[in-house]
Each structure stands twice: as structure tokens, then as C-alpha cells.
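Novice: Got a structure for you, written out below as C-alpha cells; questions coming shortly.
Laboratory data are not the source of any read-out in this text; all were calculated from the coordinates shown. Model, not experiment: these values are computed from the prediction.
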Amino acid sequence: MCRAPIDLKPMIVYSNKPLMGHCSYPLRSYLLSMTFLLVVLLFVPGCMQKVQVIYLPDRVGSRQLESASLPIVAESSGADSAKKSDPSCQLWACTGGTDQLLEYFKSWQGVGYKYGGVSSKGVDCSGLTLRAYKELYGVNLPRTVVEQSKQGVRVEKSSLRPGDLVFFKTGRSARHVGIYLGENMFIHASRSKGVIQSSLNNVYWRTRYWQAKRLEPVRL
């Protein structure tokens, strides 16, 4: 059986509307892509800054952050810095040294010796050291030479510094104390001459030298 040929032309439909069939999806994707890119350009820089702030402590470390937060202080002179940084810096040497001791000695020079005395009317050796440490630095020393010799740390004679306590054995059970001034000189209350300066090189004191003590450092 033969069939008649089919004419396809009548099946084509013409319309005045724009053909969006194949073009609508690419155009829509393009618009979405441009919108997303615009959002990224507007918001991503701000987000990146926030991320950097959040993770900054992990990158630089807590110690560096603490150092960065400390106020800047002007540097002190080389001499002052050396004194304060020295772990063995003794309180007198760090805060006046020989000059301050000499000034203090002048206020006592000529005061006579008095056993048990602690005033300008008369003073003994341990009374003088007690008053000096108390009045200059607020340090309370024990009253007797023996008890004072138990304070601080022992230092070698060759390492003496101004302010160190120097002790002597002046008899079978007698003890004497003075304050080292520097240059082998020390201040003390002598039985015969009262408050004076004497030399460690003097035969009498050199042969009776016992020990020296340095108080623990005082951080100012």
C-alpha cells in the first residue's frame, strides 16, 4: 500500500515573540555569574581583614603581643642600666654607693663610742650599722653583731662593694662590724675613737678580719 508524501511546511509555526529557547539559559547564567562576582568584590576584602585579625595572635605569638602592648620607656644611662641589670647588685652600690655613705658618715663623724648606744650621744658598732641601714633604706638589721653576721650572703674579701657589712674577731668571743666604703676603707664605731674610717690593710684589722656579708638585692 502506498502512502502519500507528507508536507512538513504547515508544521512550522512563526511567531513575533523573541526566541528565548536556546539563549535564555546562557544569558541567565551570565547574569548570575556577574552578580556573584560583584558580591565577591564587595564583601570578600572585608572578610579577609576580619580573618587576619582573628588569627593574628596565632601567627605572632602571645609573648610578642604582650611585648607590643608594653609602653615605651626612655633608656637610662649606661651606668644605671648596668647596676639594675646586675643580679648581684647590692642595695648601697645600686643607689648611691660610696658618695652616699660618705655623706652619712659626716653626720656621725666624731660621735663617741658607747656600749649599747644608738644615738648621737654615743653609739656602738652594731648600733651604727643598724641606724645606717634603717635610715638610708628602711632595712631592719638585728641589734647585735652576731645576729647581723647571719644576714645576707657571704662574699669574698676581694669582691667587696660599698655597703657590704665587714666583720672582725677582736677577741675570744668579741665581734666587731663596720660598713665597707670602698678602696679598702670601712666605717665603724671604734671603742677608742668613736665613729671613724679605717683601712682593711691596717695590721690590726687585717689580722682580725673574719667575713663580709651582702644583703639580698633590693629592686627599686
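Novice: Cα-Cα over 23 Å: which of 134/213; 121/169; 114/134; 106/157; 106/150? Intermediate values should be presented prior to the final figure.
Specialist: Details: 134/213 17 Å; 121/169 26 Å; 114/134 19 Å; 106/157 25 Å; 106/150 28 Å.
Result: 121/169; 106/157; 106/150 exceed 23 Å.
Novice: Right, next: Once phi is turned into θ = phi - 60°, what whole-Hz ³J(HN,Hα) does the Karplus curve with 6.51, -1.76 and 1.60 give for every residue of the range 135-146, x standing for Gly and Pro?
Specialist: Per-residue couplings from phi come out as 6, 7, 9, x, 8, 8, 8, x, 7, 9, 4, 4 Hz.
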